[in-house]
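Before any comments, here is the structure.
Just so you know, all these numbers are worked out from the coordinates, no wet-lab data involved. Fair warning: this is a prediction, and the values are worked out from it, not measured in the lab. When we count neighbours, we look across all protein chains shown, and the Cβ atoms used for this are built from the backbone with ideal geometry, even at glycine.
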Amino acid sequence: MIQSMTGFGRGEASRDGITITAELRTLNNRFFDFGLRAPRGLLNFESEMRELCRKNIERGKVSLILSEHRSGELFTGSRIDAEAAKRIADDLSKLSQELGLNERVNLSHLLYFPDVVTPTDSPEITELQLQLCREATEAATVDLSRMRATEGKNLMHDMLSRTAEIQTTLGEVIKLQAGLPTRAFDKLKERVKRMTKPEAFDEYRLEMELALIADRLDITEECVRLEGHIGAFNKTLDHPTGQVGKRLGFLLQEMNREANTISSKTSSIEISHLCVRIREEIERLREQVQNLE
């Protein structure tokens with residue numbers, strides 16, 4: 001199933017007076033880039049949460065926000081970091097002198113800093129926190145996948161309509177191209193004959209040279225390859241496997257290359273204008289593909 005790289009998911013898990021809420025946001029990125037924001041007591045679970053998200057998200061910038069709520073009776077003891085308190089007190093004293101303040105640093109000032117007093121939990125509570133974080137994050141990934149799948153489906157319909165437009169435009173190019181090399185050959189031959197005397201050139205050699213020039217104007221091969229790339233693009237959308245975004249991006253590069261070659265080889269202004277339209281649709285497709293996982 002096609003999935004967008006952008007999305008949002010939310011999950012919650014609660015047990016024994018502890019509630020953990022997980023919020024997942026994903027944005028476009030070439031690789032898997034994970035970031036966690038959480039209270040101090042939950043930051044130790046970063047590696048577990050990273051691996052959990054990695055199982056469900058192949059690539060993208062992933063931001064996980066964890067929050068915790070406890071009932072009053074579950075608040076346990078605290079640990080005072082004396083070294084941190086001394087360091088912060090020294091910094092505050094220096095700042096007070098620099099600002100010309102007369103107020104002295106006291107204990108109430110230090111208690112504003114979370115590094116000074118940190119809550120301590122029993123091993124049982126820590127294990128429960130980890131389990132709830134897993135449950136909440138898993139629920140968030142399910143919610144995220146649902147949203148990303150819906151967005152991916154919308155993107156797929158839009159891209160299919162654009163490849164259909166490219167196919168229609170390419171059909172117009174093929175119609176205009178029919179007989180164009182032959183007409184170009186006849187026109188070049190007539191021009192040479194008007195400019196030179198018959199005895200000044202070898203008729204057979206002239207035919208060969210003009211045939212080579214006319215052959216360079218033939219875009220049949222490029223049109224066939226472009227049709228093949230369009231077919232492969234649509235097939236990938238209909239039967240996606242793995243990271244389809246990278247494969248579709250490569251196919252768009254090939255499609256754009258063929259459109260540029262057609263435009264550079266043709267002598268028809270109408271075909272050149274049609275190639276501009278094709279490249280415009282390819283560029284719009286490229287923007288959409290960047291949103292796919």
Practice item. Describe numerically, in nm with one decimal, the distance between label points set 7 Å from Cα along Cα→Cβ at T168 and at S14. Key: 5.3 nm
**Study point:** Residue-by-residue Karplus 3J(HN,Hα) for the range 19-24, coefficients 6.51, -1.76, 1.60, Hz, glycine and proline x
**Key:** 10, 10, 10, 10, 10, 10
Exercise for review: Please give, to one decimal in nm, the separation of the simple spin-label points placed at E283 and K246, each 7 Å out from Cα toward the Cβ.
Suggested key: 2.7 nm
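Which order, highest average first, do 94-101, 12-19, 248-255, 151-158 follow once you tally other Cβ atoms within 10 Å for each residue and take the mean per peptide? Walk me through the numbers on the way to the answer.
Values: 94-101: 9.8, 12-19: 14.6, 248-255: 18.4, 151-158: 16.5.
Ranked by mean Cβ neighbours within 10 Å, highest first: 248-255, 151-158, 12-19, 94-101.
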Check your understanding: For the range 1-98, which chymotrypsin sites (Phe, Trp or Tyr not before Pro) are both in a DSSP coil and crowded by at most 11 other Cβ atoms within 10 Å?
Key -> F31, F75
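Grab the other residues whose beta carbon is less than 9 angstrom from that of A22, score K and R as +1, D and E as -1, and report the net.
Residues near A22 contribute -3 overall.
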Check your understanding: How large is ³J(HN,Hα), in whole Hz, for each residue of the range 278-293 in order, when computed from phi with the Karplus curve 6.51 cos²θ - 1.76 cosθ + 1.60 and θ = phi - 60°, using x for Gly and Pro?
Key -> 4, 5, 5, 5, 4, 5, 5, 5, 4, 5, 6, 4, 4, 8, 9, 6
Practice item. Note down the nm distance, to one decimal, between modelled labels 7 Å out along Cα→Cβ at K153 and at H273. Key: 4.0 nm
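Let me check I've understood the local charge: for E281, count other residues with C-beta under 14 angstrom from its C-beta, Lys and Arg +1, Asp and Glu -1. What total comes out? It would help to have the intermediate numbers written out before the result.
Details: positive: R162, R277, R279, R284, R286; negative: D158, E165, E172, E258, E280, E283, E287.
Cβ neighbours under 14 Å give a net charge of -2.
How charged is the neighbourhood of R225? Take every other residue with its Cβ under 11 Å from the Cβ of R225, and add Lys/Arg as +1 and Asp/Glu as -1. Display every interim value, and only then the final one.
Working: positive: R257; negative: E221, E222, E227, E254, E258.
Value of the local net charge: -4.
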Review point. Taking the Cβ-Cβ separation of L99 and S67 as r and a Förster radius of 35 Å, what is the calculated FRET efficiency to the nearest 0.05?
Key: 0.50
